[in-house]
Amino acid sequence: MKKLDKQQLMILLLGIILSVGFGIFRYVPIVRQKYAIQKQMKQQNQVIDEICSISILIPELKERKNQLEKQLLPFEQKVPQGRNLATLWRQVAEVMNKCGLTDQLVQPGVEIKSEQLCSIPLTIECKGSLQQIFFFFQSLQEINRLIRIEQVTLDRGTDLNSGVKLKTQASVYYQPDESEHG
């Protein structure tokens, strides 16, 4: 075997150092980057698979949305935008008059407000026969406004011929005007 002289040894050592330097400063970061990209691609593929599996449900969800909108339509018609109390008072008075009730009183309470639905408690009082009062409650259902009857008190009084005095607690609902929130 031939002995290497000093110059050849330096060239060999310099070649080894360049190879190691290339490996450390170029190859290792590229390998790390490759693994990071592969990991990111794997995560993206999982997200894509999840999106594909969820996107299959889109037609079904659209159909369900349409069904819910159809169910919501009567609610929106019975729960108007804004209070419209004058219209409500007129409608309740017309129903009471149509039913032949006397000693009529419709008194609002303190409003309960929220961003999506507001409520006004009502005290309704009147006098009439049981048949007239029953007809009154049936007629309230026909008003284009959601009125929830919460408490009903019927008082016959001492005079059996004078009829029944009705006192009821109810709530009427409305959607707040957009101008109130904006």
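Among residues of the stretch 46-58 that are in contact (Cβ under 8 Å) with a residue 60 or more places away in the chain, none has a beta-carbon under 6 Å from a residue that is in a helix (DSSP H, G or I) at least six positions away or on a different chain.
Scan the stretch 73-111 for residues that are among the hydrophobic types (A, V, I, L, M, F, W, C) and either in a loop (DSSP other than H, G, I, E, B) or farther than 24 Å from PHE137 by Cα (or both) and report the count. Residues flagged as among the hydrophobic types (A, V, I, L, M, F, W, C) and either in a loop (DSSP other than H, G, I, E, B) or farther than 24 Å from PHE137 by Cα (or both) within the stretch 73-111 amount to 3. Residues being out of contact with any strand residue (DSSP E or B) (no Cβ under 6 Å at 6 or more places or on another chain) and surrounded by 11 or more Cβ atoms within 10 Å (Cβ to Cβ) are entirely absent from the stretch 52-60. Residues in the stretch 8-56 that are polar (S, T, N, Q) and at pLDDT 85 or above: GLN33, GLN38, GLN40, GLN43, GLN44, ASN45, GLN46, SER53, SER55. Inside the stretch 54-90, residues that are closer than 22 Å to GLU115 by Cβ and among the hydrophobic types (A, V, I, L, M, F, W, C) make up a count of 7.
Scanning the stretch 57-85 for residues that are modelled with pLDDT of 80 or more and of a type outside the set (A, V, I, L, M, F, W, C) yields PRO59, GLU60, LYS62, GLU63, ARG64, LYS65, ASN66, GLN67, GLU69, LYS70, GLN71. When LYS34, LYS3, LYS42 are checked against the criterion of being outside any helix (DSSP H, G or I) and without any contact (Cβ under 8 Å) to a residue 60 or more places away in the chain, a single residue qualifies: LYS3. Once the stretch 112-138 is narrowed to residues that are modelled with pLDDT of 90 or more, not in a strand (DSSP E or B) and not hydrophobic (A, V, I, L, M, F, W, C), the residue that is nearest to GLN81 (Cα to Cα) is GLN138.
The values are calculated or read from the model by the stated rules, or taken from the named source; none is laboratory data. Model, not experiment: these values are computed from the prediction. Backbone-built Cβ (ideal geometry, glycine too); neighbour counts: all protein chains shown.
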